[in-house]
Amino acid sequence: MANYYNIDDILAEEEFVPVVFHKAANGVIIDPSSETNSVEQGAKVELPLWLAQDLYLRQAISISVPACFNQRTRLEIQADAACVDLKSRSPYFYEFGCKIAPLVGDKTIEILLLSAFKIRYKEILTKAYTAAYTTASKFLTLLTKEESNLYEAAQVSMSAFKKWRMGGPRLQRASVLGRKRRSFE
Amino acid sequence: MAGQSDPHISLFSAEEVEFMAEDELIEIVPNMRMDPLNFICGDFGPFLPQIASQVPLWLAVALKKRGKCAIRPPQWMSVENLTRVLEGERESQGAFQVLPFHYVEISRLLFDHAREDIPDMYMVRSLIEDIRDVRIHKVETSLEKFSGTSAVKIPNLSAMEVNIIRPFVGRALQAFYKHDNPEKIPDVDRASSAQTRAANNEPRRQLRR
């Protein structure tokens, strides 16, 4: 999973999570607008996942479920997963979910991710192979990074096949025909 | 695999699949006399006028281009057989008819280079195009049935069809795998090592595979 040089993996860890500090911390500026450069015990802040993860392992903070996995999103996904704008919630919805689930100890996140992906997968499949780009482009804005990679993979291979079917040796054929005519004369 | 143009997406381009299809054997009827050809892949020939002989498709196409032979279209490329296959494809929703692994590429090469050797060329061509479209559509519908990590078995798919869906299916299965197995092993691993790590500050990457 964790791939040190994978840019998507790095960016997924940049997502913010709401945390509560158990210990007071001195000499840190987490909120630039605060007057003192310290964090009180019980302070609620948003930290990027990579920082929250390590602080959590040192038992300095507790992590709560991020906004993109709240009840409203869940209801929307249950209603029609294919139409939910996951990209605006988090472009790394799935990766983020996989990383956050063990930290907040919420098993339902994984179930949510799987059920969402199952439905959205079908939608991506039909859009990628059948729909024209113009009709699909509206749908594309709803996709997370992982999903749009999937869509592009399908789209690229299909268009490469179509290109091969139509083009290429057409040009060669003309030269063959020319040669043949000469041999008949 | 080695040799593909873009190893990152594990995809052969259509041209590369065509190149591989050119190793398939096909029957030609030469109109010239030539000594046997000894290749790494085997010996072909000797070539005598009007005596049929088996050669790889690339050699057949090369000879055909020079006007040295006529290519005999393979057995399966007859109108009767293709009509039967097309009917079979349309009738059964799930199963695919048996066709040569490289039927898309072979038919394309023959249509391009040996059109006068194929009887009922236009009929054969439209039949093969119909078959191909029906099959690709069927592949897509069968992909819709994915709902988790399971072994996927679609018998009788041809090289080009597999190649079209390969990048998509690979990624999709990976994603399904990731969400289907909610990281039970690393989770346990992390929970048990959390305390020890907090104590002695081990480097983080080792713990997370």
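Brief remarks on what is shown
- The phi-based Karplus calculation (6.51 cos²θ - 1.76 cosθ + 1.60; θ = phi - 60°) puts the 3J(HN,Hα) values of the stretch B:153-166 at 10, 10, x, 6, 6, 9, 4, 5, 5, 4, 5, 5, 8, 3 Hz, whole numbers, x for Gly and Pro.
- Under 5 Å between amide hydrogens, built in the peptide plane, is the criterion, and for residue A:43 it picks out A:21 among residues at least 5 positions away or on other chains.
- Gyration tensor (alpha-carbon) shape descriptor, the stretch A:69-165, a/c threshold 1.5: prolate
- For the stretch A:1-121, size of Cβ-based charge dipole, Lys and Arg +1, Asp and Glu -1, in debye: 380 debye
- Sequence of A:8, B:120 when ordered by accessible area, the most exposed leading, probe 1.4 angstrom: B:120, A:8
- Accessible heavy-atom area order of A:163, B:153, highest first, probe of 1.4 Å: B:153, A:163
- The stretch B:14-181, Cα convex hull volume normalised per residue, Å³: 120 Å³
- Taking amide hydrogens as placed 1.01 Å from N in the peptide plane, the amide H of residue B:72 sits under 5 Å from those of B:27, B:28, B:29, each at least 5 positions away in sequence or on another chain.
- The stretch A:1-138: C-alpha gyration tensor shape, a/c 1.5 cut-off, then a/b vs b/c: prolate
- Karplus 3J(HN,Hα) series, Hz, for the stretch A:75-80 with 6.51 cos²θ - 1.76 cosθ + 1.60 (x for Gly, Pro): 5, 5, 5, 5, 5, 7
- Sorting B:129-141, A:68-80 by their mean Cβ neighbour count within 10 Å, with the most densely packed peptide first, gives B:129-141, A:68-80.
- Vicinal HN-Hα couplings computed from phi for the stretch A:36-51 (Karplus, 6.51 cos²θ - 1.76 cosθ + 1.60; Hz; Gly/Pro x): 9, 9, 8, 10, 7, 5, x, 6, 9, 9, 10, 10, x, 4, 4, 7
- The stretch A:18-130, relative contact order [Cα under 8 Å, separation at least 6], %: 22 percent
The values are calculated or read from the model by the stated rules, or taken from the named source; none is laboratory data. Since this is a predicted model, take the numbers as computed values, not measurements. We place every Cβ from the backbone using ideal geometry, glycine too, and count neighbours over all the protein chains shown. Side chains are part of the model used for accessible areas, which takes the heavy atoms of the whole protein and leaves out ligands, DNA and RNA. Shrake-Rupley method; radii C 1.70, N 1.55, O 1.52, S 1.80 Å.
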